[in-house]
1. Return the residue satisfying two criteria in turn: it lies in segment 39-98 and is among the acidic types (Asp, Glu) and within 14 Å of ligand 2 (Cβ to nearest atom), and of such residues it is nearest to LEU255 (Cα to Cα).
2. Name the residue that is farthest from ligand 1 (Cβ to nearest atom), counting only residues in segment 161-190 that are polar (S, T, N, Q) and under 17 Å from LEU125 (Cβ atoms).
3. Whether any residue in segment 157-173 is under 18 Å from the mean Cα position of the chain (by Cα) and within 14 Å of ligand 4 (Cβ to nearest atom) is what I want to check.
4. Please tell me if LYS193 is of a type in the set (Lys, Arg), within 11 Å of ligand 1 (Cβ to nearest atom), in contact (Cβ under 8 Å) with a residue 12 or more places away in the chain and more than 17 Å from LEU133 (Cβ to Cβ).
5. So, of the residues in segment 100-136 that are within 16 Å of ligand 4 (Cβ to nearest atom) and not in a helix (DSSP H, G or I), which turns out to be nearest to the chain's Cα centre (by Cα)?
6. Within segment 135-154, count every residue that is away from ligand 1 (no atom under 12 Å from the Cβ) and among the aliphatic types (A, V, I, L, M).
7. Pairs only if they're at least six apart or on different chains, beta carbon under 8 angstrom, first in segment 171-185 and within 14 Å of VAL197 (Cβ to Cβ) and in contact (Cβ under 8 Å) with a residue 12 or more places away in the chain, second within 10 Å of ligand 3 (Cβ to nearest atom) and among the hydroxyl-bearing types (Ser, Thr, Tyr); list them, first residue then second.
8. Given the criteria surrounded by 14 or more Cβ atoms within 10 Å (Cβ to Cβ), among the acidic types (Asp, Glu) and either free of Cβ contacts under 8 Å to residues at least 12 places away in the same chain or part of a helix (DSSP H, G or I) (or both), does GLU96 qualify?
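None of the figures in this text is laboratory data; all of them are computed from the coordinates on show. Quick caveat, the model's predicted, so the values are computed rather than measured. Cβ placement follows ideal geometry from the backbone for every residue including glycine, while neighbour counts extend to all protein chains displayed.
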Amino acid sequence: QAKNNGRNCYVVFNEKMSSDLAARLQLEVELRQAISQQQFSLSLQPQVDLRSGRLFGFEALLRWQHPTRGLVPPDEFISVLEQTQLIVDVGYWVFERSCQRYLDLMGLGLHDVIIAVNVAADQFLQPDFALRLADILQKYQLSASHFELELTESTLVSHVSQTLDAMHQLKLMGFRFAIDDFGTGYSSLNYIKQMPVDTIKIDKSFVMAMLESSSDYQIIVSTIAMVQKLGLQVVAEGVESLAHLQLLQQYHCDLAQGYYLSRPIPETQLADFVREQVLQQNWPAALLRRPE
Ligand code: C2E
Ligand code: MG
Ligand code: MG
Ligand code: MG
């Protein structure tokens, strides 16, 4: 009887495994097509400087328009891109596309904003990463100082010396660095202070919970204070309401990003957003009512 059960379990397990594997392989095939058939695009989400009340820059976020499934969220496909190394080519595509959008911004008269680009560990660790970025910048005649590279804590702690070398090289070229999703990984500020980092992005899970959870609230308040003591800039992600924003302003958080301020903007709508909202000063001033 036991043996029989065991065999049934074995069979079920196997079927589940092979259907997972089939789905993964299917996704992989579709992602390769996505590259060749230009199904990827960027959305750009504004970051607001809470001191000046002005646009600081945009984070570039990858979007996949699947031919039948519609828009697929990054959380469903970035990990497959990472596992298959496709993230390396897609990552360069994202950087190049960000350069094109930066030229649009300059054409509209915005010269002092930045575009932040997410970089996966495997891409960052490519020996020619810096060279490839330099080539792309050269092609568009753009300076590295317009761009911030977002790395996660796990990227930083996985290959420490290699990562540090690459960071120093890219820093010399003029790139800014941000630590993304801060607080969800294993790094400490003590460790990060040895790296040429400009910005810490507090993970949205803390921000989204801070109104209900006193521990998340305390993490936010103390992270802001510590980051600023280290002379770095702090960004709060996931700002979904005025209440979030006012608390962050009260604790002198430098920058904010989130749905309350703006959803990520499809790249085809970026120029309209800049013309109608940013340049007309309709945005973000009205959203930044200071707490009394
Ligand atoms: P991330 O880098 O932490 O990006 C921020 C995510 O938070 C984005 O999700 C954004 O749409 C979302 N978000 C922004 N404001 C709010 C808010 O107020 N509330 C909520 N609930 N969410 C908010 P998205 O675009 O789905 O991207 C998810 C993740 O996928 C990114 O997290 C990043 O880790 C990864 N990703 C996206 N684009 C790229 C890329 O080009 N390259 C790489 N390597 N990873 C990328
Ligand atoms: Mg990011
Ligand atoms: Mg993040
Ligand atoms: Mg993330």
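1. My answer is GLU59.
2. First, the residues of segment 161-190 that are polar (S, T, N, Q): 161-163, 169, 184, 187-188, 190.
Next, from what is left, pick out any that are under 17 Å from LEU125 (Cβ atoms): 161-163, 169, 187.
Details: SER161: 22, GLN162: 18, THR163: 15, GLN169: 20, SER187: 15 Å.
Within segment 161-190, the match that is farthest from ligand 1 (Cβ to nearest atom) is SER161.
3. no
4. No: the conditions fail for LYS193.
5. Going through the qualifying residues, I end up with ASN118.
6. The number of residues fulfilling the criteria is 4.
7. ILE179/THR152; ASP180/THR152; ASP181/THR152; GLY185/THR152
8. Answer is yes for this residue.
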